[in-house]
Structures are given as C-alpha cells and as structure tokens.
Amino acid sequence: MKVKIEVFLRGDVFDPQGKAILNAVHHLGYEKTTSVQVGKVFLLDIEGDRSTVEKQAKEIADKLLANPVIENFTVTVL
Amino acid sequence: MKTVKFGVVVFPGTNCDRDTSWVIQSVCKSEVRYVWHTETDISDLDVVILAGGFSYGDYLRSGAIAHYSPVMKAVKEHADRGKLVLGICNGFQILVESHLLKGAFLHNKTQHFLCQKQYLKVATTDSPFTMKYARDEVIQIPIAHGEGNYYLPQADLDEALTYDLIAFQYCDKQGVVNEETNPNGSTASIAGILNRQKNVLGMMPHPERSSEVEMGSTDGKKIFEGILQWIQSV
C-alpha cells in the first residue's frame, strides 16, 4: 500500500528557506504571495491492511522522518 | 596519574575524526581510539567524542540517521552512567537528534554554509568541559556548518538559564552577544549547551581546529584539558 508522508516546519519555527524563496517570488513580480513554506514529501510502500499501514507510517514519521521539536507531519494512505 | 581513554566515534561521512584524535593523542598526550559506528561495547572508554563531518551525507536532517546507528545505544548508556560525552558540530547535531540534548537544528538564518573564525563567550565554567576558562571570557574557535541554527523551545531555554546549561554563546571580539553577532540565528546565540547533569556537551565550533599555535588559536585546547583534569580529580 502506498503512503504519502508530508513534513513541514511548525508555524512558530522560522523557515529561512521559505523566506528566501518568498523573496525570489516577489522579485518575479508576484507581490500578492504572502508566504512560502518548504517541506518534504516521502512516498512509502508498506505491506498490510489499511489500519496497520497507517499506524506504522505514523510511527515511522514520528521516530525518523519528522523531528517533533520543529516539525509537523501528515500521513495519507493513497 | 590516572590514564584517561578517549573514543572518537566514526560514522560513514564523519571527517573530523583524525583531527580530533590528533589533538587528544599528540597535543594532550592522552590515549584515544576510533569507535566504528557498528560497535556496541565502549565500556573501556572514559570519554566519548562524536566528531564533526557529514554523517550519512546529512540526509533527511543532520544527525537523524546516525541516531539509529548501533553505537548510539552504547553512547546513551555511557552518558547515563555519568561519563563524559562531547559532540562537536555534526556530533552536536547527532546528540540533539538522539535526545541526549534538547532542541533541534535548522538551516543557518543566512542560508549559507558558514566557515569562519568565530568569537565565543564562555557562559558557564561550571562543567568539566569549561572549567579551565574564566566566566565571560571571550575565546576564538572556528565554525563550519550549514545547519547550525540551534532551536530551543522557550520552556527548554528557561531550564537552560535556570540551571546554567549554556556553555558558549556567539559574540564579537568585545564579547557582545546579540542578533548582529549571532552568525546562524541560534536561540539565545547558543553555540554550545550542556545536559542537565552537565556530563554531555554539544557545541558547533571546532575546538580540535584551535588547539595548536599553528592553527591560529589554542583556545579550544582548554576543553580537552578540562576533561582530563576533571576525570583525574574524580
């Protein structure tokens, strides 16, 4: 089963990459853009039934793919 | 005098292991061995050093994959027994990912890799690592990192201030600590921090690169000397 895990910095954590990209977007003339957040996407293939796969994906995200001190994650079973 | 045995942990991608061993062996005249990341028994060591570099290519987050190397379980047990652990640069990042120290790392506020001489203020002398300095002394130890923006949540910062856990802060030549003298954007200009028991220190600057006159500064040597003196006095 394919699972998508998205990881983003928490809202209260400054994202220097996002800020740099936002500046570049403004330089392109898109002044109405007010924020850019940079994140990571992971696609995993995990064998098993839907609830087990979802549970394991959350554990993997929590233990390894995201750092809960600075990041949030969402898990979507595709 | 008690012989002090150091171990320098080598992960795939670690690149400051030889410099660190050189300083311990040739400058500080102490015993040292390399510790490969698959080792599980490090009970012969008094001090563990996680050296700088790019363990596992800095994939995912700096230090995140090294956290799950077999040796890290042994390093945690070593620390739990009250023995000393020093993490330098990538070693600091590994200690944070392994929860031996609090906080997390973000990219430098400038988005640039920084490689420069750096002034630091010694914020506490109450630890084995910093006991040879004077409080508020300004020292110079180089930095070289892309993800050195140390983030510490407010509650953990309060704890660090209450228990005097901040070891070094970025500053200028006069010892001024503020936003302008902070090269990477770290919380409270923190360059090095101790755990609550003060037997684990993580620091972004490289003391092994400033322990000999030929290197332009010998200010880093006192960290290794402090470790030696502390163990020999116990």
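No lab work stands behind these numbers, since they all come straight from the coordinates. Just so it is clear, the model here is predicted, and its values are computed rather than measured. We place every Cβ from the backbone using ideal geometry, glycine too, and count neighbours over all the protein chains shown.
Summary table below
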read-out	value
Unmet requirement for residue A:3, which otherwise passes all of (1) under 17 Å from residue B:61 (Cα atoms); (2) in contact (Cβ under 8 Å) with a residue 60 or more places away in the chain	(1)
Where a residue in the stretch A:20-33 is within 12 Å of chain B (Cβ to nearest Cβ) and its partner, wherever it lies, is among the hydrophobic types (A, V, I, L, M, F, W, C), with Cβ under 6 Å and at least six apart	A:21/A:36
Contacts under 6 angstrom Cβ, first residue in the stretch B:216-234 being within 14 Å of residue B:6 (Cα to Cα), partner in a helix (DSSP H, G or I), 6 or more apart	B:223/B:207
Test: residue B:90 is under 20 Å from residue A:39 (Cα atoms) and crowded, with 18+ Cβ neighbours inside 10 Å	no
